[in-house]
Amino acid sequence: IPTLEIEVVADIKSIATTRSFEKDYTNYNDIKERISTFAVSCAEKLRKQKSNCNALIIFLRTNSNKNLPQYNKNIVIQLPFPTNSSIEISKLAIKGLKHIYRDNYHYKKAGVIAKKITPQHEKQLMLFQNSNPKHEKLMLIIDKLNNDFGQQKIKIASQDLGRTWKMKQEHLSPRYTTKLSEIIIIK
């Protein structure tokens, strides 16, 4: 006999992948590659929780710590169909980036946010536009290969093959309780 009520986990409202760049970017192709990588990361998170998204928010921000012209812009893209395909989400995110990108700015941060998340099995099919059914099997294979051989071994064409994204961790707190090599030694 249950004595405590089980808490209902609230539905996730959005999935975001946003990063500050290691340096200021002024080149469109560098930012396009980052946006594509962020979109693929969002798509992977969607597939992991068996969900689709119906809208994307893409944003760009300049470095506010420098005395340079400032520019902060975002765009909301309503997807023509619900999807969790890395290919489709990346393509739509790049399309959104084309609308908000402006030359002659020093960009420091960008991101992709997946919104209007719905369960994967609840798809409203459209008459003329739908997600490519071949992508579902392709994404399963890509996810399996990336899980078996290491993250980001298989990438889509708009991502840089030689580039890996690492967090800045020079001010990371010591992990005394979880990492054997960082245990405090008392003499």
Checklist entry - Restricting attention to region 109-121, does a residue exist that is over 14 Å from the mean Cα position of the chain (by Cα) and modelled with pLDDT under 85? => result yes
Checklist outcome for this item: Of Leu60, Leu79, Leu97, Leu56, the only residue that is modelled with pLDDT of 90 or more, within 25 Å of His121 (Cα to Cα) and either acidic (Asp, Glu) or touching a strand residue (DSSP E or B) at 6+ places or on another chain (Cβ under 7 Å) (or both) is Leu56
Checklist entry - Could you list, in sequence order, the residues of region 60-79 that are in a strand (DSSP E or B) and in contact with a Leu (Cβ under 9 Å, 6 or more places away or on another chain)? => result Leu60, Thr62, Asn72, Lys73, Asn74, Ile75, Val76, Ile77, Gln78, Leu79
Next on the checklist: For the condition in contact with a helix residue (DSSP H, G or I) (Cβ under 8 Å, 6 or more places away or on another chain) and among the small types (Gly, Ala, Ser), what is the one hit in Ser85, Ser64?
Outcome noted: Ser85
Checklist entry - With respect to Gln129, is the statement that it is surrounded by fewer than 16 Cβ atoms within 10 Å (Cβ to Cβ), at pLDDT 85 or above and of a type outside the set (D, E, K, R) true? => result no
Item to check | Pair list, Cβ under 8 Å, 6 or more apart: region 126-151 residue in a loop (DSSP other than H, G, I, E, B), other residue modelled with pLDDT of 75 or more and among the aromatic types (Phe, Trp, Tyr) | outcome: Met126/Phe81; Gln129/Phe81; Asn130/Phe81; Ser131/Phe81
Next on the checklist: If I ask for residues that are in contact (Cβ under 8 Å) with a residue 12 or more places away in the chain, more than 16 Å from Met139 (Cα to Cα) and either open to solvent by 10 Å² or more (accessible area, probe 1.4 Å) or more than 14 Å from the chain's Cα centre (by Cα) (or both), which ones from region 23-57 would you list?
Outcome noted: Asp24, Tyr25, Thr26, Tyr28, Lys32, Glu33, Asn54, Ile57
Checklist entry - Using beta carbons and a limit of 8 Å, which pairs, at least six apart or on different chains, have the first residue in region 7-22 and part of a strand (DSSP E or B) and the second one at pLDDT below 70? => result Arg19/Trp165; Glu22/Lys168
Next on the checklist: If a residue must be among the hydrophobic types (A, V, I, L, M, F, W, C) and surrounded by fewer than 18 Cβ atoms within 10 Å (Cβ to Cβ), how many such residues does region 58-76 contain?
Outcome noted: 3
Item to check | Which numbered condition Glu7 misses (of (1) modelled with pLDDT of 90 or more; (2) more than 23 Å from Arg102 (Cα to Cα)) | outcome: (1)
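The values are calculated or read from the model by the stated rules, or taken from the named source; none is laboratory data. The shown structure was predicted, so the numbers you read here are calculated from the model rather than taken from an experiment. A quick note on method: Cβ atoms are made from the backbone with ideal geometry, for glycine too, and the neighbour counts reach across all protein chains shown. Side chains are part of the model used for accessible areas, which takes the heavy atoms of the whole protein and leaves out ligands, DNA and RNA. Shrake-Rupley method; radii C 1.70, N 1.55, O 1.52, S 1.80 Å.
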